[in-house]
1. Rounded to the nearest 5, what % of the DSSP beta bridges within the chain are antiparallel ones?
2. Lys111: which lysines have alpha carbons under 25 Å from its alpha carbon, excluding same-chain residues fewer than 8 sequence positions away?
3. Ignoring everything except DSSP H segments at least 4 long, calculate the 222 nm mean residue ellipticity for the chain; use -39,500 (n - 2.57) per segment, divide by total residues, nearest 500.
4. Among DSSP bridges having both ends in region 69-147, what percentage is antiparallel? Round to the nearest 5.
5. Taking the alpha-carbon distance from Lys62 and a cut-off under 20 Å, which aspartates and glutamates remain once sequence neighbours fewer than 8 residues away in the same chain are dropped?
6. For a Förster distance of 22 Å, can you work out the FRET efficiency between the beta-carbons of His179 and Tyr137, rounded to the nearest 0.05?
7. Ordering Lys23, Lys70 from largest to smallest accessible area (1.4 angstrom probe), what's the sequence?
Amino acid sequence: MTLPTSPIVIIVGTNRPNSMSRKIAEYYQDILNQLHAPSIILDLVNLPHDFTVSALYENSGKNEEFNSLKSLLEQTDKFVFIVPEYNGSYPGVLKAFIDGLPYPNSFSNKKAALVGLSSNMQGAAIAMSHLNDVFSYLGMNTLALRVKLAQIRNHYSDKVISNALYKELLEIQAGQLIHF
């Protein structure tokens, strides 16, 4: 098996404290560990609270906290985005984070897997579609298999996903990402 030379960065797509997205990111990291693929979780809860004014536009490069998160992205070529559905799309904080990264090179020719989660029956399908459009514009390659975890709170408890299909899809996707 060919392993990535740099760790896969798992991005928690919300800055909500103690989010379900963080729990799923940790679950995904466990799958990658079982596949002997190194990974790091980048949780947007760790973004500087004022990053939209202290790290973007004319202040680009001036916020050390934001710069350290940005440098993590520069060191990898594979990502997993754990994307919760917010108001029919993905969280604005994720868009602001992406907008704060250097254009166009932050994601150009890099690879990503998308995992959507929601409390409704859609599994964040539209959110992932919106995010995929942004990544296409930025030159990021995304895996065709987008895992949709609908009604996730009914299927996750104490670090265990009870839905056998969800578990299988996450494992398949993680394997595909390693070989992507």
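The values are calculated or read from the model by the stated rules, or taken from the named source; none is laboratory data. Please read all numbers here as calculations on a predicted model, not as lab measurements. Cβ atoms come from the backbone with ideal geometry, glycine included; neighbour counts cover every protein chain shown. Quick note on the areas: whole protein, heavy atoms, side chains included, nothing else; ligands and nucleic acids left out. Shrake-Rupley method; radii C 1.70, N 1.55, O 1.52, S 1.80 Å.
1. On the way: 3 of 24 bridges.
Roughly 10 percent of the beta bridges in the chain run antiparallel, per DSSP.
2. Here the lysines satisfying the reach criterion relative to Lys111 are Lys23, Lys70, Lys78, Lys95, Lys148, Lys167.
3. Numbers: 6 runs with 68 residues, N = 180.
Theoretical 222 nm ellipticity from helices: -11500 deg cm²/dmol.
4. On the way: 1 of 11 bridges.
Bridges in region 69-147 are about 10 percent antiparallel.
5. Asp50, Glu74, Asp99
6. Values: r = 25 Å, r/R0 = 1.15.
E between His179 and Tyr137, to the nearest 0.05, is 0.30.
7. Working: Lys23 75, Lys70 30 Å².
Ranked list, largest accessible area first: Lys23, Lys70.
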